[in-house]
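Reading through the structure tokens given below for one structure.
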Amino acid sequence: MYKIDKIQRENQRIHTIGRVISVILYIILIPIILFNFTLIIKSFINPDKTPDFFGYKSFVIVSGSMEPTIMTGDAILVKEVPQDEVQISDIISFSQGETIVTHRVIGIVEENGIKKYKTKGDNNNTEDKEKITYEQIEGKYQFKISHFGIVTEILRSKITLIILILIIIFIYCYKSQIKKKKQERKEKRKHYRQERDK
């Protein structure tokens, strides 16, 4: 009797740990899948525009022009904001041809009735040659995750999305199989008791 109780407690403990791990994985994986899937869909719909997630965009810093504020390899999050919220000393990400640059606003001027922004990297000796318009701004800097750039790139890839979906499917199938086996064992025990009581 003691051994049966011990086995049951051990099985219950393993089952509880499995449920906790499954919940944690779902909490982590599902938001990543939603984020990734949204970016991929938006990049298909509008390939000329940087995809966003509810106005937020992530970029990986590949140069040292903003050091020590933002280091090479950092992942940053920027948010699309109205034009009047872009002020001097703000850090912004903006498109410059095929490149996305993240620099600080050091001046705001008006040329031919159009507001333009002077920018400069904190680690650069001179300001950027070209002033930018509001239409070029991808977003205003919100925060960074140090040395997280490689992880960000991995999370945004289509291969990662496929792998994560496969993991979710595997977990679901595994849990369904365990549930099925438990139900079968329950039915066998019930059948055994009925046969014994005859």
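Structural remarks
- One quarter of the convex hull surface built on the alpha carbon atoms of the range 75-133 amounts to 4.7 nm², the projected area averaged over directions.
- Only Cα pairs under 8 Å and 6+ residues apart enter the sum, and on that basis the relative contact order of the chain stands at 20 percent.
- The local environment of residue 89, defined by Cβ-Cβ distances under 13 Å, has a net charge of +1 under the rule Lys, Arg +1 and Asp, Glu -1.
- Distance histogram for the range 107-169 (every C-alpha pair counted, 10 angstrom bins, percent rounded to whole numbers): 16, 28, 26, 17, 11, 2
- The range 30-114: projected area of the alpha-carbon convex hull, averaged over directions, in nm²: 7.2 nm²
- In the chain, Rg over Rh equals 1.28, where Rg is the alpha-carbon radius of gyration and Rh the Kirkwood radius from pairwise Cα distances.
- Candidate lysines for bridging to residue 140, where Cα separation is under 29 Å - those fewer than 8 sequence places away on the same chain excluded: 42, 49, 57, 79, 115, 116, 118, 120, 129, 131, 158
- For the chain, the longest principal axis of the C-alpha atoms and the axis of helix 2-45 are separated by about 30°.
- Once the Cα atoms are used to define both axes, helix 158-197 deviates from the longest principal axis of the chain by about 20 degrees.
Here, each number is a calculation from the coordinates, and none is a lab measurement. Just so you know, these numbers come straight off a predicted model, no measurement behind them. Positions of Cβ are backbone-derived with ideal geometry, glycine not excepted, and every protein chain shown enters the neighbour counts.
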